[in-house]
Amino acid sequence: MTAVLDSGALIAIDKRDRKVGAMLRVLQRQAEPVRTSAGAVAQVWRAGRQQANLARALPGLDVAVLDEVAAKKVGELLGSSGTSDLVDAHVALLAQPGGHVLTSDEPDIRALLRTRRVKATVIRV
């Protein structure tokens, strides 16, 4: 299984949210890979020196790039789902069946996962 973090989850890490921190510790103990989108990092990265918590967490995450191949898949998913947030779509593409998605945008992530027909646990942060 894999856990995927959206921008809201990265913001929660940066703000030292206890709930998200506890979830990440459990995932680490279970040796579950944790991924995010490079787009999500771009959405939340503003002042590196002031974002020490996020900076410490990023090396432990698999940050998926949004290259041409991924961009085309994101666009197709957006078209199929009727949604418009490209980072949410990239996050949804990273989700695996049986995995977890930590998100602050639960309705859009659920819609995108339904479109993909991927059953993953969506956790609101």
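Some points to look at:
- Scanning the stretch 12-44 for residues that are in contact with an Asp or Glu (Cβ under 9 Å, 6 or more places away or on another chain) and among the hydrophobic types (A, V, I, L, M, F, W, C) yields V26, V34, A40, V44.
- G82 falls short on exactly one of the conditions (1) farther than 22 Å from D14 by Cα; (2) surrounded by 12 or more Cβ atoms within 10 Å (Cβ to Cβ); (3) touching a helix residue (DSSP H, G or I) at 6+ places or on another chain (Cβ under 9 Å), and that condition is (2).
- Members of the stretch 97-119 that are surrounded by fewer than 18 Cβ atoms within 10 Å (Cβ to Cβ), more than 16 Å from L10 (Cα to Cα) and touching a strand residue (DSSP E or B) at 6+ places or on another chain (Cβ under 9 Å): G98, R110
- Screening A47 against (1) touching a helix residue (DSSP H, G or I) at 6+ places or on another chain (Cβ under 7 Å); (2) over 17 Å from L93 (Cα atoms) leaves a single unmet condition, (1).
- The residue of the stretch 6-19 that is surrounded by the fewest Cβ atoms within 10 Å (Cβ to Cβ), among those that are in contact with a helix residue (DSSP H, G or I) (Cβ under 8 Å, 6 or more places away or on another chain) and within 10 Å of S104 (Cβ to Cβ), is I11.
- If you check V34, V122, V41 for being among the β-branched types (V, I, T), free of Cβ contacts under 8 Å to residues at least 24 places away in the same chain and either surrounded by 14 or more Cβ atoms within 10 Å (Cβ to Cβ) or over 15 Å from L5 (Cβ atoms) (or both), only one passes: V122.
- Scanning the stretch 24-51 for residues that are modelled with pLDDT of 95 or more and part of a helix (DSSP H, G or I) yields a total of 7.
- Unique residue being free of Cβ contacts under 8 Å to residues at least 40 places away in the same chain and buried (at least 19 other Cβ atoms within 10 Å of the Cβ) when the list is L54, L24, L58, L94: L24
The values are calculated or read from the model by the stated rules, or taken from the named source; none is laboratory data. If you're wondering where the values come from, they're calculated on a predicted model, not measured in any experiment. Please note: Cβ atoms are built from the backbone with ideal geometry, for glycine as well, and neighbour counts cover all protein chains shown.
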